[in-house]
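Novice: One structure, pasted below without further comment.
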Amino acid sequence: MANMYPDVLPKHITSDMSRRAEIEMYNALRAGLSDECDVYYSVAWHHKLNSSMDGEADFVVLDRRRGLMCIEVKGGKRVWRDSNDGNWYQESHGGHTKKLNRPPLEQARESRFALREKLADFLDVAKTKVRICHAVAFPGFDNPNVNMGPDAHPNLYIFSSHMNNIGSRLDVIWDHFQENLDLGPMKQETADK
């Protein structure tokens, strides 16, 4: 069972129906990861060079063997990229559709690079030494097999069918980054810091 921060979600989160997907993800990560993993919920960050680029990672997972992963969670009945206009849309469980401000993978990537920058400064190491990757979770539905965009490798997504075996899915994501970025194993002293 993963170490969760916070250990218990506050009542204002658990009673907010718009956070249903985040709550489901929180529970899946807690139950599905080992105690070698620390999971941080709602990690805010501030960009070092551009103050207008503040953001938040829905989840940051620290696996002492594999590294860090920023996960952006999108809820609802479905989320998709419109092939005509390139915009992303989200349909709620109530049937309401809204346009998303930014692509979910872009949000996850921004969190990844912002946190990598912060950690490299904090640990006083080169950015390339901070092993960090990103993913997007859609706990409410399965892969729609539609075009998610040119930057959207299927290994970067977590769908409802992955939720009961979340540890294996995160391994697929870490393996994807290791194979494509030639990341070696994370050094123990970096994980311990």
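The values are calculated or read from the model by the stated rules, or taken from the named source; none is laboratory data. Computed from a predicted model, the values in this text were never measured in an experiment. To get the accessible areas, we keep the full protein, side chains included, count just its heavy atoms, and leave off ligands, DNA and RNA. Shrake-Rupley method; radii C 1.70, N 1.55, O 1.52, S 1.80 Å.
Novice: Any chance you could run the full-extension gain for His47 through Arg30? It's 0.36 nm times the residue separation minus the Cα-Cα distance, nm to one decimal.
Specialist: Extra length from His47 to Arg30 when fully extended: 3.3 nm.
Novice: Run the numbers on segment 74-156 and let me know its relative contact order in percent, using alpha-carbon pairs under 8 Å that are six or more apart.
Specialist: Contact order relative to length: 32 percent.
Novice: Here is a further query. If I compute solvent accessible area with a 1.4 Å probe over the protein chains, what percent of it on segment 66-162 is carbon and sulfur?
Specialist: 46 percent
Novice: With a 1.4 Å probe and all protein chains in place, put Ser42, Ser161, Ser111, Ser18 in order of accessible area, largest first.
Specialist: Ser18, Ser161, Ser42, Ser111
Novice: Then there's this: Excluding ligands, DNA and RNA, what is the solvent-accessible area per residue of segment 1-134 at a probe of 1.4 Å, expressed in Å²?
Specialist: So segment 1-134 comes to 53 Å² accessible per residue, rounded to a whole number.
Novice: Ignoring ligands, DNA and RNA, how do Val79, Val8 rank by accessible area with a 1.4 Å probe, largest first?
Specialist: So, going from the largest accessible area down, we get Val8, Val79.
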